[in-house]
Amino acid sequence: MIGLARSDYEVEKNYFDTYLMNTEHYVKEKKGVLHTRTGYQYTEYARIILGVTAADGDVTDIGGYNFLEKLTNMEDVCRQGINGPIWTLIAYDSGSYEIPAEQSAENQTTREKLIETVLERQLADGGWSISSGTSAESDVDMTAMALQALAPYYLGKKN
């Protein structure tokens with residue numbers, strides 16, 4: 001969706017509508033719970049936010065669920081490792097979305113916490129890795145995602 005929405009490729013309007021309808025059907029079928037059996041893949045919510053935003057849909061009502069609310073608990077966002085904070089930041093920034101208040105407010109996700117978490121996981125060689133620990137070596141994929149998430153905040157350019 002993102003690639004098609006941003007490209008110069010002419011796409012029939014119903015293509016995006018079909019994507020939105022299919023996504024709504026999927027979300028309803030899952031009763032708004034998209035993480036896997038482990039419960040740790042909150043990036044699924046971020047991916048849906050990105051796709052629906054690209055298709056010009058409403059992320060606050062996808063099959064009756066507000067997906068912005070799915071990523072408000074920082075502890076949940078971080079369960080998957082560095083992937084969670086990276087994709088959450090990208091998702092919220094994709095539409096300049098305000099982050100809704102988390103119910104308990106103890107673990108409220110904020111852009112500052114997301115950025116801080118990503119920066120804390122930077123490795124000595126300057127990159128990022130899906131693995132954690134001091135012996136981890138950075139990889140191109142994770143480094144590219146981290147840089148994409150952090151780019152709007154380079155030199156404090158984004159509020």
Open item on the list: Just to be sure I understand, how many residues within segment 84-109 are within 13 Å of the chain's Cα centre (by Cα), in a loop (DSSP other than H, G, I, E, B) and surrounded by fewer than 21 Cβ atoms within 10 Å (Cβ to Cβ)?
Closed with: 4
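Taking the condition among the basic types (Lys, Arg), touching a Gly at 6+ places or on another chain (Cβ under 8 Å) and farther than 29 Å from Asn14 by Cα, does Arg121 pass?
Values: among the basic types (Lys, Arg): yes; touching a Gly at 6+ places or on another chain (Cβ under 8 Å): no; farther than 29 Å from Asn14 by Cα: yes.
The answer is no for Arg121.
Please list, ordered by residue number, the helices (runs of 4 or more DSSP H) wholly in segment 1-83 having 3 or more residues that are within 16 Å of the chain's Cα centre (by Cα).
43-54, 74-78
In segment 1-14, how many residues are touching a helix residue (DSSP H, G or I) at 6+ places or on another chain (Cβ under 7 Å) and either open to solvent by less than 60 Å² (accessible area, probe 1.4 Å) or small (Gly, Ala, Ser) (or both)?
Qualifying residue count, segment 1-14: 3.
In segment 126-149, which residues are under 25 Å from Asn73 (Cα atoms) and open to solvent by less than 30 Å² (accessible area, probe 1.4 Å)?
Just the residues of segment 126-149 that are under 25 Å from Asn73 (Cα atoms), to begin with: 128-133, 142-149.
Scanning segment 126-149 gives Trp128, Ser129, Met142, Thr143, Met145, Ala146, Ala149.
Suppose we filter Asp76, Asp17, Asp56 for residues that are closer than 20 Å to Pro100 by Cβ, of a type outside the set (Gly, Ala, Ser) and open to solvent by 30 Å² or more (accessible area, probe 1.4 Å); which single one remains? Break it down into steps so the answer makes sense when it comes.
Numbers: Asp17 fails: closer than 20 Å to Pro100 by Cβ; Asp56 fails: closer than 20 Å to Pro100 by Cβ.
That would be Asp76, the only listed residue that is closer than 20 Å to Pro100 by Cβ, of a type outside the set (Gly, Ala, Ser) and open to solvent by 30 Å² or more (accessible area, probe 1.4 Å).
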TODO: Tell me, please, whether a residue that is among the polar types (S, T, N, Q), touching a residue at least 24 places away in the same chain (Cβ under 8 Å), within 29 Å of Ala5 (Cα to Cα) and open to solvent by less than 60 Å² (accessible area, probe 1.4 Å) can be found in segment 111-125.
DONE: no
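The values are calculated or read from the model by the stated rules, or taken from the named source; none is laboratory data. As the structure is a prediction and not an experimental result, all values here were calculated from the model. Cβ atoms come from the backbone with ideal geometry, glycine included; neighbour counts cover every protein chain shown. Quick note on the areas: whole protein, heavy atoms, side chains included, nothing else; ligands and nucleic acids left out. Shrake-Rupley method; radii C 1.70, N 1.55, O 1.52, S 1.80 Å.
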